[in-house]
Ligand code: NAD
């Protein structure tokens with residue numbers, strides 16, 4: 001049976017094999033004639049092609065969005081909110097279908113995909129309430145007859161460039177707020193799993209969003225580079241790896257654009273001697289191996305203080321042994337394949353080099369083998385990892401958990417703070433005083449206290465520190481509203497009709 005979004009594509013003039021763009025309210029193959037293969041990670045088989053946008057394709061999408069902006073910026077807040085409410089209802093009704101689609105292209109099991117859809121929809125719900133956040137300020141009578149007030153206005157055409165690992169959630173981090181603030185949005189999804197973007201475009205259209213307000217541009221570096229230089233693209237939101245985040249931030253800023261670029265991560269979980277071992281082990285296993293470790297907030301290092309490592313190891317290995325690895329089509333599967341053959345090979349290479357570097361592999365994911373050509377790798381646990389090892393220095397982005405041993409809280413904190421990344425971090429302890437000290441001292445943008453993956457709810461904003469974020473505003477929540485609007489301050493003078501010598505043309509009551 002054809003994947004669902006491919007059936008959606010076939011409703012237009014597209015062939016079922018090619019996933020196209022969504023431009024001006026319709027599916028389009030664009031003009032480049034170029035495409036890239038899309039694989040099913042669970043089988044290794046190619047299941048489609050995705051169109052790769054050319055410079056002309058980017059220009060066509062931007063032109064459509066510029067035209068749509070003329071009327072969208074004048075739409076009432078209640079009209080925008082009713083469309084977003086409707087979109088939320090449609091997403092709710094079709095979340096299983098979307099989860100199946102995400103699983104087909106990304107590989108994560110449907111329960112993981114449903115999780116990302118739910119977390120993404122929180123941002124849609126937040127965006128429905130944006131009218132309350134778009135209120136300006138007002139100072140009456142700053143001088144005789146003079147008032148001053150501020151307005152928040154949309155930027156115009158804005159673009160979002162998103163990674164493969166959350167093809168539904170990360171776009172929702174961006175477009176829900178951008179559109180509700182009155183902007184027109186161009187989404188450039190990852191070419192590895194491009195269909196979720198089209199699925200959501202279809203639902204936005206069904207919800208009543210006018211053509212050109214939300215667009216999908218498929219593509220690679222060519223498309224991104226044109227978005228970065230296009231004079232009518234006013235802002236760019238990026239989520240992906242650190243080298244590309246830095247490039248997008250530097251290039252877009254040099255073009256005078258507003259840019260927020262979220263990068264990679266290496267998230268540590270500090271476990272103190274007084275921690276609840278079972279709770280810490282449950283947390284570490286779900287945070288390290290959920291979605292096969294392909295999460296920017298995944299825990300990739302457990303930093304164990306004192307003798308706690310020796311207590312943690314049996315608790316971790318016992319849980320790891322129970323993880324069921326398999327394709328998303330298997331209802332029993334808890335961990336799916338990695339996204340591509342190349343990525344699977346890269347993650348495996350860290351295991352290949354671990355013991356030679358002096359680490360101890362306690363659980364080896366290479367031992368897990370499934371029939372067929374899927375990109376499966378089991379969960380791995382590596383002990384005695386030290387800071388100079390490659391497997392510590394790189395973001396592995398796979399189901400590999402490193403265990404590092406330190407003698408004190410201070411040593412663990414110093415290790416975390418000296419890492420170049422600062423996305424998320426967590427502490428497990430029963431001591432509120434130490435937890436409070438940790439939140440004060442640790443250098444990371446998102447901190448969990450007995451919570452392994454502290455992704456903020458939509459009423460707060462998401463962002464790391466150091467090499468995990470380039471720009472000043474975090475993503476979604478209140479920072480998202482600031483990012484997608486600009487402030488205007490009006491100073492107005494109106495003559496007092498009671499004292500004015502101006503002939504107003506009608507009698508004034510005195
Ligand atoms: P990636 O950087 O390879 O790709 C991200 C996007 O950039 C894609 O749309 C891709 O098409 C585009 N791109 C890739 N190379 C480019 C180039 N040379 N020039 C211009 N554009 C380019 O990232 P990925 O592999 O898709 O995603 C995984 C990475 O994303 C990990 O590093 C992960 O930590 C990070 N991530 C970070 C967050 C966060 O919130 N900080 C969230 C999710 C993922």
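Read the figures in this text as sums done on the coordinates, not as results from a lab. What you see is a predicted model, and the numbers here were worked out from it, not measured in a lab. With ideal geometry, Cβ positions are generated from the backbone for all residues, glycine too; neighbour counts draw on all protein chains shown.
Order of 45-54, 30-39, 286-295 by packing, highest average Cβ count within 10 Å first?
Ranked from most to least packed, the peptides come out as 286-295, 45-54, 30-39.
Going by average Cβ neighbours within 10 Å, how do the peptides 379-388, 184-193 rank, with the highest at the top?
184-193, 379-388
How high is the relative contact order of the chain? Use alpha-carbon pairs under 8 Å, at least six apart in sequence, and give a whole percent.
So the answer I get is 17 percent.
Based on the mean of other beta carbon atoms within 10 Å per residue, what is the order of 165-176, 310-321, 136-147, most packed first?
Ranking the peptides 165-176, 310-321, 136-147 by packing returns 165-176, 310-321, 136-147.
Projected area of the chain, taken from the Cα convex hull and averaged over every viewing direction, in nm²?
28.5 nm²
Over its Cα atoms, what ratio of radius of gyration to 2.2 N^0.38 Å does the stretch 267-449 give?
Ratio of Cα Rg to 2.2 N^0.38 Å: 1.00.
Between the stretch 416-463 and the stretch 218-278, what is the C-alpha centre distance in whole Å?
That distance is 20 Å.
Under 14 Å from a label point 7 Å along Cα→Cβ of residue 431: give me every residue in the stretch 379-407 with its amide N that close.
Under 14 Å, as judged by backbone N against the label point of residue 431, lie 407 of the stretch 379-407.
What distance in nm lies between label points placed 7 Å from Cα along the C-beta direction at residue 222 and residue 31?
Distance between the two pseudo-spin positions: 1.3 nm.
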